[in-house]
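Here's the structure, in structure tokens; my notes come after.
The values are calculated or read from the model by the stated rules, or taken from the named source; none is laboratory data. For clarity, every value in this text was computed on a predicted model and none was experimentally measured. Virtual Cβ from ideal backbone geometry, glycine too; neighbours counted across all protein chains shown. Accessible surface areas use protein heavy atoms only, side chains included; no ligands, DNA or RNA. Shrake-Rupley method; radii C 1.70, N 1.55, O 1.52, S 1.80 Å.
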Amino acid sequence: MANYDKLAKDEINEIMMAALGVLITKGDIPAIPLPPFNVEIPSEVSHGDFSTNLAMVSGKAFKAAGARFNPRDFAAKLCAAAELSGTMFTHCEVAGPGFINFFLAPKWYAAVVNTVLTDKEAYGRSNFGGGEKVMIEFVSANPTGPMHMGNARGGALGDCLAAAMDMAGFDVSREFYINDAGNQIEKFGLSLAVRYLQIYRGEDAVPLPEDAYQGEDIKDRAKEFADIHGDSLVNADENELRRQLIDFALPKNIEKLKSDLELYRIYYDVWFRESTLHEDGEVSAVIDTLKAKGMTYEKDGALWYKNAEVLGKKLLSQGKTPDEMESLGLKDDVLIRANGNPTYFAADIAYHYNKFVKRGFKRCINVWGADHHGHVARIKGAMDALGLDGNKLDIVLMQLVRLLRDGEPYRMSKRSGKAITLSSLTDEVPVDAARFFFNLSSPASTLDFDLDLAAKTTSDNPVYYVQYAHARICSIIKKLAGDGVTPRTCTEDELCLLTLPEELSIIRLLAGYPDMLIEVAKNYDPARMTHYAIELATAFHKFYNSCRVTDENEALMQARLNLCLAVKTTVCSVLSLLKVSAPEAM
RNA sequence: GCGCCCGUAGCUCAGGGGAUAGAGCACUCGCCUCCUAAGCGAGGGGUCGCGCGUUCAAUUCGCGCCGGGCGUGCCA
């Protein structure tokens, strides 16, 4: 659980507070409250290991108190008053416009390496989440057809986010919501029925409606059904035919979703069926609750939810004027259609109520395609309307995927059913590469997925760059083992032999691993993991080129071997969170 | 119209109040008698879309434009 970056930052905070106390006691500075200050890691190594802006942010407070102020002078006073003996720092200095830069003692670096080796695969784990019960719902692809590239991105994103949040101390549950009820299932039945009848009556006799599912997969399922039942249902009641087709095809589609996702190394804790919400009366219960709260009304034969009122109140409390709200064009939403069927929205409210109330999740995260963003405010608002807290429902909006082949955009048309499916993607691109690629950009950026690049097994492909670092370490270990050298525990003094810039920059990265995972959890951005993996691999490759492990000095050799093992541990850890393999040889 | 996301090197993208803005690809030139050259080093390449504001400090925050994507259903 050790986090050396945090320890260092906390210590600088204490050192600075103590220094302020000294200056106040001596009467050098007035005893006035100062604003919060940052301790950060400078991007430039010559600026030290940690840096604080305390002197610069204090200007306003001093001037307000009528004191003369110069940030560099104040920084110099703080530096002089800073007591560093017994801390993890050797010295500090004033730099630039008034930064105070701190320099770490060698024993800090030694402790980091030692901690990684002691904690092993647990290194990086923290208690940031405090064991909070969190659900991450992702992919939730429509079971009426195959998954597409957007689902693939959502899968890689949600799964890796879940893994990182687990490391950051959350109690994470992965869930797939199966939309096995409602309009699209009706449409599914209709489409299947048409395809089935076409087999026996010809395509011209039974035309496929415009709004039906056009994909080949529907034909395939109809064919499979026909192979079993023959033409025995051609003259059956239309509704009976559809029902039988749905009962036949839906489980097959769900199984296909499962197996495709498993190929993709994604396993869920729960596959939740929308239909259970209807069968158990949870949808009508939640509608009744909204009714009882006066949040509904009837119009044109349908039951409406007062979405505009809920969102309007929220915006008013945020300081919007009624005129501004007018221009937003807030609209109400239908819960029960005039035909008596509840909408998807109604089921979704019941579903999220179920997550929070029935199953007790403290926080729910949904990974959605950006094309669903219009749904975000109203579902969160609906939670508020039910007396829950919409802020506990976080939606990660993921921008769409643009496929490139031969450098040209590869058009995906859902209507014609010519989307690239997840299973055809796994045929073409190794899973390691695909998972890595999908997590290379943050969710908010549209992603260009270059099919040719991802399929390449050359250095162009960043996933191999990282895996290669791991393979090289394994190779070193193997070589040394052949020479009769086995890794042993090093003393602090021995680890302090690691002093070269190439060695120290690796250790800085190792120390930052726990915080990186916390940032992923905070920002819902697993792309930081691939970036980190690339950075660590880069640092290692540089080390590899400038330092040899097989050194004549036994102590230094062991220290470097320890460093290699620490890198191996951390690379394996981040790759395992990404569910990318770490080959021992390439 | 309104809402959300994006605009940083030729291309794909990081960074996210701080000190000289980064990486990969592509281009040029070096480095294997030595733990894997799927690697490393050096070089060129930028008004961080434009303008105004907040701040000691803005590529980063706010507002307004411009450009691109996506929404704006009794679809999901």
(request) Tell me which residues, restricted to the range A:224-242, are open to solvent by 40 Å² or more (accessible area, probe 1.4 Å), closer than 26 Å to A:S275 by Cα and in contact (Cβ under 8 Å) with a residue 12 or more places away in the chain. (result) A:E224, A:E238, A:R242
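Just to verify a result, which residue in the range A:463-484, among those that are open to solvent by 30 Å² or more (accessible area, probe 1.4 Å) and not hydroxyl-bearing (S, T, Y), is nearest to A:A433 (Cα to Cα)?
A:R472
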(message) Yes or no: the range A:95-105 includes at least one residue that is touching a helix residue (DSSP H, G or I) at 6+ places or on another chain (Cβ under 7 Å) and away from RNA strand B (no atom under 16 Å from the Cβ).
(response) no
(request) Output the number of residues of the range A:522-535 satisfying the condition of being aliphatic (A, V, I, L, M) and buried (at least 23 other Cβ atoms within 10 Å of the Cβ). (result) 2
(request) Answer yes if at least one residue in the range A:499-519 is away from RNA strand B (no atom under 13 Å from the Cβ), more than 22 Å from A:G124 (Cα to Cα) and either assigned to a loop (DSSP other than H, G, I, E, B) or open to solvent by 40 Å² or more (accessible area, probe 1.4 Å) (or both), and no otherwise. (result) yes
(request) Could you please tell me which pairs satisfy a Cβ distance under 8 Å, a separation of 6+ or placement on different chains, a first residue in the range A:25-54 that is exposed (fewer than 11 other Cβ atoms within 10 Å of the Cβ), and a second residue that is of a type in the set (D, E, K, R)? (result) A:P35/A:K60
(message) Would you confirm whether or not the range A:564-580 contains a residue that is of a type outside the set (D, E), part of a loop (DSSP other than H, G, I, E, B), within 12 Å of RNA strand B (Cβ to nearest atom) and under 18 Å from the mean Cα position of the chain (by Cα)?
(response) no
(message) I'd like the full set of residues that are in contact with a helix residue (DSSP H, G or I) (Cβ under 7 Å, 6 or more places away or on another chain) and open to solvent by less than 40 Å² (accessible area, probe 1.4 Å), limited to the range A:197-207.
(response) A:V206
(request) With the checklist (1) within 16 Å of RNA strand B (Cβ to nearest atom); (2) touching a Gly at 6+ places or on another chain (Cβ under 9 Å) in hand, flag the one item A:P209 doesn't pass. (result) (2)
(message) Would you confirm, using the coordinates I've provided, whether A:A2 is away from RNA strand B (no atom under 14 Å from the Cβ), closer than 30 Å to A:L509 by Cα and crowded, with 16+ Cβ neighbours inside 10 Å?
(response) yes
(request) Among the residues of the range A:146-192, write down those that are of a type in the set (D, E), surrounded by fewer than 23 Cβ atoms within 10 Å (Cβ to Cβ) and in a helix (DSSP H, G or I). (result) A:D166, A:E186
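Between A:R488, A:R548, which is in contact (Cβ under 8 Å) with a residue 40 or more places away in the chain and part of a loop (DSSP other than H, G, I, E, B)?
On the way: A:R548 fails: in contact (Cβ under 8 Å) with a residue 40 or more places away in the chain.
Only one candidate passes the filter, namely A:R488.
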(request) Hey, can you tell me all the residues within the range A:208-223 that are open to solvent by 90 Å² or more (accessible area, probe 1.4 Å) and assigned to a loop (DSSP other than H, G, I, E, B)? (result) A:E210, A:D211
(message) Which count do you get for residues in the range A:543-555 that are within 12 Å of RNA strand B (Cβ to nearest atom) and farther than 14 Å from A:D483 by Cβ?
(response) 5
(message) Condition check: within 30 Å of A:F176 (Cβ to Cβ), at pLDDT 95 or above and more than 11 Å from RNA strand B (Cβ to nearest atom). Does A:I336 satisfy that?
(response) no
(request) State the number of residues belonging to the range A:438-456 that are at pLDDT below 90 and assigned to a helix (DSSP H, G or I). (result) 5
(request) Scan the range A:382-407 for residues that are over 17 Å from the mean Cα position of the chain (by Cα), more than 13 Å from RNA strand B (Cβ to nearest atom) and buried (at least 18 other Cβ atoms within 10 Å of the Cβ) and report the count. (result) 4
(request) Would you mind listing the strands (runs of 3 or more DSSP E) fully within the range A:254-324 where at least 1 residues are out of contact with any helix residue (DSSP H, G or I) (no Cβ under 6 Å at 6 or more places or on another chain) and crowded, with 16+ Cβ neighbours inside 10 Å? (result) A:270-273, A:302-305
